[in-house]
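Quick notes on the structure that follows.
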């Protein structure tokens, strides 16, 4: 979704090796949120959401498994 509260930058690490070193890129995709939370690779939506919440200082959300009680 588009939001004026969210911005994103994408770097080709071979073209910007200084950025790759700064952010210690060892695998792709590497997602960094507000320089406080990061992960490598594709992650489930729940992991992505909790990384955002951590980056903005909010508590993590627990998710129920599908069909769980």
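Nothing in this text is a laboratory measurement; each read-out follows from the coordinates by a stated rule. Keep in mind it's a predicted model, so treat the numbers as computed, not measured.
Here are some values of log10 I(q)/I(0) by the Debye sum over Cα atoms at q = 0.19, 0.25, 0.29 Å⁻¹: (1) -0.89, -1.22, -1.35; (2) -0.88, -1.06, -1.22; (3) -0.71, -1.10, -1.29. Which one was computed from this structure?
(1)
Quick one: helix 45-55 against the long Cα principal axis of the chain, what's the angle to the nearest 10°, folded into 0 to 90?
Tilt of helix 45-55: around 70 degrees.
Per DSSP H run of n ≥ 4, the term is -39500 (n - 2.57); total these for the chain, divide by its residue number, and report the mean residue ellipticity at 222 nm rounded to 500 deg cm²/dmol.
Computed ellipticity for the chain at 222 nm equals -7000 deg cm²/dmol.
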